[in-house]
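Peer 1: My questions all concern the structure below.
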Amino acid sequence: MTGDLAAGAEWRARATALLGPITDRLAVPAGRKVPYGDLVRLDDHAVRRAGECLAFSDADAGEDYVESAANARRRVGLAVLAGLRDRPGLDPVTAFDEVMADRARWFGDRLVDWLDGLGPGGRGALAAEACGYAVAVAGWVPPARMGDVRISRPGDWLEWAVPGRALRVRGRCDAMTPRRGARPADRRLLVVVGALERAEMVAGHAALAYTLTTASRPQRVTVLAPAEGRTAFAVDDHLLLDALERLGAAAQAAVAARFGPPAPTSPGPWCNRCGRAEECPAGAEWSADRPVRFGGLLPLR
Amino acid sequence: MIRAAAEPLPSLRGTVTAARDNAVVTTTAARFTVPALLGEALDGSARPCPVDPGELAELLAWFRAECEAAVARSPADTRPLRLPKGRVTDLLACERGALARLGDDAMGAARARGRITDLLVAQHATIGLTPDVRADVLDALGALGPDGAPVLGWLAGASEEEAAELWRHAEVVAACLAEGWGALDRAWWPRCQERATVVLAGGALVLSATFDLVVGGPPTDRPWVVVEVKSGQVSDRHRTDLLWYALVAALRHGRAPAWVATWTAADDGLVPLPVTLGTIEAAAHRGLAALDRLVGLAAGRAAGVTPHAGCGWCPELDRCEPGLARVAGLVDGPWPGDAAGLGES
């Protein structure tokens, strides 16, 4: 076993040692298949929510998921990006046209059904979203090195099953380099987010998920917010340890949400978007003391 | 330190007749059209004074430092302070009006016109419009899901006259795009609704803008042009918005666009502004003036009232005597954005 792989295996052992006792109520007998709906998945969203409030980490406000141009942006944008990589000189809109013409090869049934129902106006709205995404990511590496970028397929996840538990650690990366022929430990990952506010958390979770999935840790993780810029993190023990600690909190929150007793609340600005704010006295008290400001300003009335 | 005054702003305006009834548009001055602007930007003839990267870096560093000093005067519990384009304009026009507009996100006829104008531009710039403009718009709104719902909801409750006016506007926009713009060269890598956010002072201040249309620039090797789309008619006061785009773009990417321009959909008018160091410095001064007001108001200072030409659209008008007097024609006042004396010459 090489040094890299040994280090990767060591992180798997550490994660198992941390998560196992926390999630003993998610134990499954060896060899038994867990139904899809019974699996707990700890992704970067779950980790973020648990970092805010352990009690209501599963309580997002908002409506059920629907396909839309914004929700399809990443999936279609990744396919457009692959076109730009594979055919130097191609423009994003032409790449988009080609993806749409070959959509059954690229996407799952649900997205294909939605795309089939779009008229020219809907395709225009989607093209604007997807091409904007692809152009933003294309700036990650110089054009001459674009051919060396491995682009995630829609639905690709970094996912590691915690041994003996109905539990998955799930991460995502939008692209990685080099594309092929490299050891996993030489890889650099790119994760695209909406804002850089929690870039270190995102980078740490992606690095940890990659390390657990491949048993080998990547070299760097770049977090890109197209509107804002990007920041890169070297993957070291410090980054992975912090990520593992946050993962433990997320596991604790998930177990409490499923089996009880309730985890402690920690009120904060997130209470304003919590789907269970009405049933949380601590959150209500926090919000009552703080008038809603708009970019620092209080409205007239 | 760079302290040069803003470059003189030439008064450029496309002369276009938009025949609303039959949606036929005749361009009589091809010089100031989107394709002419892009063509001249591409061959370099429309870039008289390239921005020196070193001087730009110096200017942006100064602006960042000034912002940090200003934000330090704000109470910690009011941060992060946010300055999107509209708030800069509002604060410089009238502080009380700016506060009255906070949280006012109700959909109305004007917002609906703006939204569908953006959608038509996005479709034109990517896959192209069809002759059935109404179907294109409804299809696009449906594809936006929750983001399109407010306009669809407004349409559902609009009177026949309001709806007809909206669709007439859509026809005019589509005709202007077809005849005024023509097909956009895909090699320019057109992008629509590109958001730009600049976080300053350790996260205590967030500047932002949404570029309606961007062509060229990084990662292409073409000149970088940012186009602001407005649903109304051309006006010289749109230049102040363009200043903000030039500044935010430069802060976001560390380089300046070659041009920023406003295209007005109702008359196919174009107000282009070549970006020079002076342009960006004027934008920086204007931004700092708005930030100074933002910091003062966040700290609890009473909002000042400045009657101006936009009072007629202010939600606070009924309770504002100076505004009512301005609307009645008793008091002269500047256009929104001119109050700091930095926006237009």
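The values are calculated or read from the model by the stated rules, or taken from the named source; none is laboratory data. This is a predicted model, so every value here is computed, not measured. Note: ideal-geometry Cβ built from the backbone for every residue, glycine included; neighbour counts use all protein chains shown.
Peer 1: Taking B:R191 as meeting all but one of (1) at pLDDT below 95; (2) away from chain A (no Cβ under 12 Å); (3) touching a Phe, Trp or Tyr at 6+ places or on another chain (Cβ under 9 Å), write down the number of the exception.
Peer 2: Against the list (1) at pLDDT below 95; (2) away from chain A (no Cβ under 12 Å); (3) touching a Phe, Trp or Tyr at 6+ places or on another chain (Cβ under 9 Å), B:R191 comes up short only on (2).
Peer 1: Moving on to the next point. Kindly establish whether B:A98 is among the small types (G, A, S) and touching a helix residue (DSSP H, G or I) at 6+ places or on another chain (Cβ under 6 Å).
Peer 2: Values: among the small types (G, A, S): yes; touching a helix residue (DSSP H, G or I) at 6+ places or on another chain (Cβ under 6 Å): yes.
Spelling it out, B:A98 is indeed among the small types (G, A, S) and touching a helix residue (DSSP H, G or I) at 6+ places or on another chain (Cβ under 6 Å).
Peer 1: For segment B:68-113, which positions are within 13 Å of another protein chain (Cβ to nearest Cβ), part of a helix (DSSP H, G or I), modelled with pLDDT of 95 or more and in contact with a strand residue (DSSP E or B) (Cβ under 7 Å, 6 or more places away or on another chain)?
Peer 2: Selection gives B:V71, B:L99.
Peer 1: Please give the number of the condition A:V112 fails out of (1) hydrophobic (A, V, I, L, M, F, W, C); (2) within 26 Å of A:R179 (Cα to Cα); (3) part of a helix (DSSP H, G or I).
Peer 2: Of the numbered conditions (1) hydrophobic (A, V, I, L, M, F, W, C); (2) within 26 Å of A:R179 (Cα to Cα); (3) part of a helix (DSSP H, G or I), the odd one out for A:V112 is (2).
Peer 1: How many of the residues in segment B:230-247 are crowded, with 24+ Cβ neighbours inside 10 Å and more than 12 Å from the chain's Cα centre (by Cα)?
Peer 2: Residues that pass the stated criteria total 1.
Peer 1: Only one of these conditions is not met by A:D60: (1) of a type in the set (D, E); (2) in contact with a helix residue (DSSP H, G or I) (Cβ under 8 Å, 6 or more places away or on another chain); (3) at pLDDT 90 or above. Which number is it?
Peer 2: Evaluating A:D60 over (1) of a type in the set (D, E); (2) in contact with a helix residue (DSSP H, G or I) (Cβ under 8 Å, 6 or more places away or on another chain); (3) at pLDDT 90 or above leaves (3) as the failure.
Peer 1: List the number of the failed condition for A:V141; all other conditions in (1) within 11 Å of chain B (Cβ to nearest Cβ); (2) in a helix (DSSP H, G or I) hold.
Peer 2: (2)
Peer 1: Restricting segment A:144-160 to residues that are crowded, with 18+ Cβ neighbours inside 10 Å and within 14 Å of another protein chain (Cβ to nearest Cβ), which is farthest from B:E194 (Cα to Cα)?
Peer 2: The qualifying residue farthest from B:E194 (Cα to Cα) is A:V149.
Peer 1: Something else about it: Would you check if B:A106 is under 22 Å from B:L317 (Cα atoms) and small (G, A, S)?
Peer 2: Numbers: under 22 Å from B:L317 (Cα atoms): yes; small (G, A, S): yes.
Criteria met by B:A106.
Peer 1: Among the residues of segment A:246-278, which ones are touching a residue at least 12 places away in the same chain (Cβ under 8 Å) and not in a helix (DSSP H, G or I)?
Peer 2: Of the residues in segment A:246-278, the ones touching a residue at least 12 places away in the same chain (Cβ under 8 Å) are A:246-259, A:262-268, A:270-277.
A:P262, A:A263, A:P264, A:T265, A:S266, A:P267, A:G268, A:C274, A:G275, A:R276, listed by residue number.
Peer 1: Taking only segment A:115-138 into account, find how many residues are within 11 Å of chain B (Cβ to nearest Cβ), surrounded by fewer than 20 Cβ atoms within 10 Å (Cβ to Cβ) and in a helix (DSSP H, G or I). Give the derivation first.
Peer 2: Kept after step one, since they are within 11 Å of chain B (Cβ to nearest Cβ), are these residues of segment A:115-138: A:115, A:117-138.
The next check asks that each one be surrounded by fewer than 20 Cβ atoms within 10 Å (Cβ to Cβ); those that pass are A:117, A:119-120.
Subset that is in a helix (DSSP H, G or I): A:120.
The number of residues fulfilling the criteria is 1.
Peer 1: Could I ask something else about it? When you look at A:L167, is it crowded, with 22+ Cβ neighbours inside 10 Å, over 12 Å from the mean Cα position of the chain (by Cα), away from chain B (no Cβ under 14 Å) and over 15 Å from A:L78 (Cα atoms), yes or no? Give the steps one after another, and end with the answer.
Peer 2: On the way: crowded, with 22+ Cβ neighbours inside 10 Å: yes; over 12 Å from the mean Cα position of the chain (by Cα): yes; away from chain B (no Cβ under 14 Å): yes; over 15 Å from A:L78 (Cα atoms): yes.
Taking the combined requirement at face value, the residue satisfies it.
Peer 1: Is at least one residue of segment B:121-133 buried (at least 18 other Cβ atoms within 10 Å of the Cβ), of a type in the set (S, T, Y), within 9 Å of chain A (Cβ to nearest Cβ) and more than 19 Å from the chain's Cα centre (by Cα)? Please lay out each step first, then the result.
Peer 2: So in segment B:121-133, the residues buried (at least 18 other Cβ atoms within 10 Å of the Cβ) come out as B:121-127, B:129, B:133.
With of a type in the set (S, T, Y) added as a condition, the list becomes B:126.
Applying the additional criterion that residues be within 9 Å of chain A (Cβ to nearest Cβ) yields B:126.
Pick out the ones that are also more than 19 Å from the chain's Cα centre (by Cα) and you get B:126.
Looking for residues that are buried (at least 18 other Cβ atoms within 10 Å of the Cβ), of a type in the set (S, T, Y), within 9 Å of chain A (Cβ to nearest Cβ) and more than 19 Å from the chain's Cα centre (by Cα), one finds at least one in segment B:121-133, hence yes.
Peer 1: Kindly indicate which of A:A243, A:A206, A:A199 is part of a helix (DSSP H, G or I), within 14 Å of chain B (Cβ to nearest Cβ) and modelled with pLDDT of 95 or more.
Peer 2: Among A:A243, A:A206, A:A199, only A:A199 is part of a helix (DSSP H, G or I), within 14 Å of chain B (Cβ to nearest Cβ) and modelled with pLDDT of 95 or more.
Peer 1: Hey, another quick one. What number of residues in segment A:22-44 are in contact (Cβ under 8 Å) with a residue 40 or more places away in the chain, outside any strand (DSSP E or B) and among the basic types (K, R)?
Peer 2: 1
Peer 1: Filter segment B:168-207 down to residues that are out of contact with any helix residue (DSSP H, G or I) (no Cβ under 7 Å at 6 or more places or on another chain) and not in a helix (DSSP H, G or I), then give me how many there are.
Peer 2: Count: 6.
Peer 1: Condition check: more than 9 Å from every other protein chain (Cβ to nearest Cβ), at pLDDT 95 or above and assigned to a helix (DSSP H, G or I). Does A:A95 satisfy that?
Peer 2: Values: more than 9 Å from every other protein chain (Cβ to nearest Cβ): yes; at pLDDT 95 or above: yes; assigned to a helix (DSSP H, G or I): yes.
Yes, satisfied.
Peer 1: Moving to a separate point now. Of B:W335, B:W263, B:W259, which residue is within 20 Å of the chain's Cα centre (by Cα), modelled with pLDDT under 95 and not assigned by TED's automatic domain parsing to the domain that holds B:K230?
Peer 2: Values: B:W263 fails: not assigned by TED's automatic domain parsing to the domain that holds B:K230; B:W259 fails: not assigned by TED's automatic domain parsing to the domain that holds B:K230.
Within the list B:W335, B:W263, B:W259, the selection yields B:W335.
Peer 1: Need the failing condition index for B:V295 against (1) crowded, with 19+ Cβ neighbours inside 10 Å; (2) assigned to a loop (DSSP other than H, G, I, E, B); (3) modelled with pLDDT of 95 or more, just the number.
Peer 2: (2)
Peer 1: Among A:P226, A:P262, A:P299, A:P269, which is the only one that is loosely packed, with under 14 Cβ neighbours inside 10 Å and within 14 Å of chain B (Cβ to nearest Cβ)?
Peer 2: Details: A:P226 fails: loosely packed, with under 14 Cβ neighbours inside 10 Å; A:P262 fails: within 14 Å of chain B (Cβ to nearest Cβ); A:P299 fails: loosely packed, with under 14 Cβ neighbours inside 10 Å.
Of the residues listed, the single one that is loosely packed, with under 14 Cβ neighbours inside 10 Å and within 14 Å of chain B (Cβ to nearest Cβ) is A:P269.
Peer 1: Next question, about the same structure. Could you check A:Q252 against (1) more than 21 Å from the chain's Cα centre (by Cα); (2) surrounded by fewer than 20 Cβ atoms within 10 Å (Cβ to Cβ) and say which number it fails?
Peer 2: All conditions are met except number (1).
Peer 1: Please find, within segment B:117-143, the residue that is farthest from B:C192 (Cα to Cα) out of those that are in a loop (DSSP other than H, G, I, E, B) and touching a residue at least 12 places away in the same chain (Cβ under 8 Å). Talk me through it step by step, then tell me what you get.
Peer 2: Residues of segment B:117-143 that are in a loop (DSSP other than H, G, I, E, B), as a first pass: B:126-132.
Next cut, touching a residue at least 12 places away in the same chain (Cβ under 8 Å) only: B:126, B:128-129.
Numbers: B:T126: 9, B:G128: 13, B:L129: 15 Å.
Here the residue is B:L129.
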